[in-house]
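To keep things clear, I will list the structure first and then write my remarks on it.
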Amino acid sequence: MKMCAASTQRRHLMGRRRVALLSAVVCAVAGVGPGVAQAEPVGKEPIRYTEKNPVASGYGGAVASVDPEATEAGLRVLRAGGNAVDAAVATAAALGVTEPYSAGIGGGGYFVYYDAKTRKVSTLDGRETAPMSMPRNAFVNKATGQPYAFADLVSSGLSVGVPGTPATWERALDEWGTYSLAKALRPAIDIASRGFVVDETFRSQTETNRVRFSNFTSTAALFLPGGKEPAVGTIFRNRDLAETYRLLGRQGTSVLYRGAIGDDVVRTVKAPPKSANATLPVPVGYLQKSDLRAYRVRQQRPTKSDYRGLTIYGMAPSSSGGTTVGEALNILEQKNLSSMPTDRALHYYLDASALAFADRGAYVGDPRFVNVPTKTLLSDSYARSRACLIEPNKALATPTAAGDLSARGCRQTTQRVVKESGTSTTHLVTSDRWGNVVSYTLTIEQTGGNGIVVPGRGFLLNNELTDFTTTGWKADDPNRLEGGKRPRSSMAPTIVTRRGEPVLAVGSPGGSTIITTVLQTLVNRIDLGMTLPEAVASPRASHRNNATVTAEPGFVKAFGGKLTPYGYTFSPNGDSFTSAPDIGAVAALEFDWTGRVLAAAEPVRRGGGDAGVVRPR
């Protein structure tokens, strides 16, 4: 089936945000699938947001995300009197429409909230969980006795954890929002119904997944109409997802955790809708209705660390984001980075990252199954014992071992080391006129999740259980597979305050590179004198205690010549998932004493992001 581009396009300014009025899509349509656009009635031209503005400044609240439709959805809520939590849920739901390969109600995430009245930071752990009946050897193929290939686990029912995103939205709105779930979902329903303009990022991600998606009838029908990916400039609708959102709005999330949508999820996991010519093995999963009924969002205290007069709040385990970012900052605080040449400061940044990642692999997992030494990992005394391992002119030999938690001085354990990989996610930040702030990272894990659309529901399922160690079960591994457990995450939504007032909110997608992306952005802004937009746009490198440092070409070009003499080896593809030259995709906010907010998104990475404020100034 051929999709075709809008015949004309004209632009105007609306609230100082560029929007596109797209005229009728002119092509004959036969056998229209759920993701295909029909011609629009003449004279009824919906507004679709296509312009990406990476920086915005002003008052009254702000939103930054990877997508202009999603950013506008959040701003629409703020303009109507909603608060930062209402706007965050609306933005996230819209990303489930326009960024379906990165996030959606089939996945999970972490929500960090600053309350302006109490000046306190709270968090929600909406991470997916393993089914209770899942055995420790679930990743071993019973027919061969050998572990499944990682690619086979990714596209399977076996990799699906209990989704946490819908429960996170409902809990956040109940705790801190002013909107009902139904009201918060309205902008996303509008986008899914009228369609959005396909950009190059959506097209290329579809093309990358084309072979995998073609293995499943429901996925091919939605994302590969006629066997081809949607063309740039065409209109993509997802009517099934619009109806799913309407159902969630009418019945609440119980329709997923106890009702019809949940029944469909379980059926899809146990009997994936394989196409007649499927080439993937697609092992089935263990998810049951009882797992959905038992799911709970965890509200818990954030991690907290001090850095150069600022307080850094992040996600506690099951995420490793807060502990690893916090530990690395504590290590870096032992040095005055702002007084150093840039190459020396970056050397300390890289080695602090490697040390913190060594500890992450050895000590961090789901705290309901593992005794995570969070207090020690974030202590200044432990940071000093790690910082003394960094030599001023020589790179740390990596992979390196974890630290000795009881040590005084420079000591390491004989703990095994863990190789780290990257995946796809999405991130958003919101604020409102009352001073509340949200930093929210959510995901379905792989770009395209497990590749399986729940038939008739319009959303992809996650493959989050591949975040467990998949190469073997070891009793001393904090991230070993266990039924009912949450796999270790790298998501690192972060809020920074000074004397109780918000200063920064930041986060990023990117699998385990999320941690280094957030860390480097903070170092750029706080230590290296960059503005927030400069800190976001600056080239990145990610040292996750591997033998080589994953680095963007721009970083190697700018700093490789000065850092190579330290002993670093740089690679643009330091692990199997970093196939693109980009690391992360930051969305961030900065607040000044006048109440002005500066919103910043990526200018280029992942096709660029979008930032907006209610009252531009």
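The values are calculated or read from the model by the stated rules, or taken from the named source; none is laboratory data. Only a predicted model underlies this, so the values are computations on that prediction, with no experimental measurement involved. Cβ atoms come from the backbone with ideal geometry, glycine included; neighbour counts cover every protein chain shown. Surface areas here come from the heavy atoms of the whole protein model, side chains and all, with no ligands, DNA or RNA. Shrake-Rupley method; radii C 1.70, N 1.55, O 1.52, S 1.80 Å.
Each row is one residue, and each column tells you yes or no for (1) over 30 Å from Ala87 (Cβ atoms); (2) in contact (Cβ under 8 Å) with a residue 12 or more places away in the chain; (3) within 22 Å of the chain's Cα centre (by Cα); (4) buried (at least 22 other Cβ atoms within 10 Å of the Cβ).
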{"position": "Arg540", "(1), (2), (3), (4)": "no, yes, yes, yes"}
{"position": "His543", "(1), (2), (3), (4)": "yes, yes, yes, yes"}
{"position": "Ala547", "(1), (2), (3), (4)": "yes, yes, no, no"}
{"position": "Gly561", "(1), (2), (3), (4)": "yes, no, no, no"}
{"position": "Ala588", "(1), (2), (3), (4)": "no, yes, yes, yes"}
{"position": "Asp610", "(1), (2), (3), (4)": "no, yes, yes, yes"}
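Selection over the stretch 188-206 of residues that are part of a helix (DSSP H, G or I) and either under 21 Å from the mean Cα position of the chain (by Cα) or among the aliphatic types (A, V, I, L, M) (or both) gives a count of 11.
In the stretch 594-608, the qualifying residues are those that are touching a residue at least 40 places away in the same chain (Cβ under 8 Å) and under 18 Å from Gly58 (Cα atoms), and the one that is surrounded by the most Cβ atoms within 10 Å (Cβ to Cβ) is Ala601. Taking the criterion of being more than 17 Å from Thr516 (Cα to Cα), not in a helix (DSSP H, G or I) and not basic (Lys, Arg), the residues of the stretch 330-352 that qualify are Gln334, Asn336, Met340, Pro341.
When Gly262, Gly233, Gly226, Gly195 are checked against the criterion of being of a type outside the set (Asp, Glu), open to solvent by less than 10 Å² (accessible area, probe 1.4 Å) and at positive phi, a single residue qualifies: Gly195. Pick from the stretch 147-189 the residues that are of a type in the set (Lys, Arg) and closer than 13 Å to Ala87 by Cα: which of them is surrounded by the most Cβ atoms within 10 Å (Cβ to Cβ)? Restricting to residues being of a type in the set (Lys, Arg) and closer than 13 Å to Ala87 by Cα, the top hit is Arg186.
Of the residues that sit in the stretch 109-145 and are among the polar types (S, T, N, Q) and assigned to a loop (DSSP other than H, G, I, E, B), which one is least open to solvent (accessible area, probe 1.4 Å)?
The initial filter retains those residues of the stretch 109-145 that are among the polar types (S, T, N, Q), namely 118, 122-123, 129, 133, 137, 141, 144.
Adding the requirement that they be assigned to a loop (DSSP other than H, G, I, E, B) leaves 118, 133, 137, 141, 144.
Numbers: Thr118: 81, Ser133: 57, Asn137: 85, Asn141: 39, Thr144: 87 Å².
Per the stated criteria, the residue is Asn141.
Tell me which of these Ile515 doesn't satisfy, since it passes every other one: (1) out of contact with any Leu (no Cβ under 9 Å at 6 or more places or on another chain); (2) in contact (Cβ under 8 Å) with a residue 12 or more places away in the chain; (3) among the hydrophobic types (A, V, I, L, M, F, W, C); (4) open to solvent by 20 Å² or more (accessible area, probe 1.4 Å). Every condition holds for Ile515 apart from (4).
Remark: Leu396 falls outside the filter, which requires a residue to be touching a Leu at 6+ places or on another chain (Cβ under 9 Å), at pLDDT below 95 and in a loop (DSSP other than H, G, I, E, B). Pairs linking a residue in the stretch 134-157 that is under 23 Å from Gly448 (Cα atoms) to a residue that is of a type in the set (S, T, N, Q) and part of a helix (DSSP H, G or I), with Cβ atoms under 8 Å and 6 or more positions apart or on different chains, are Phe150/Thr466; Leu153/Thr466; Val154/Thr466; Gly157/Thr268.
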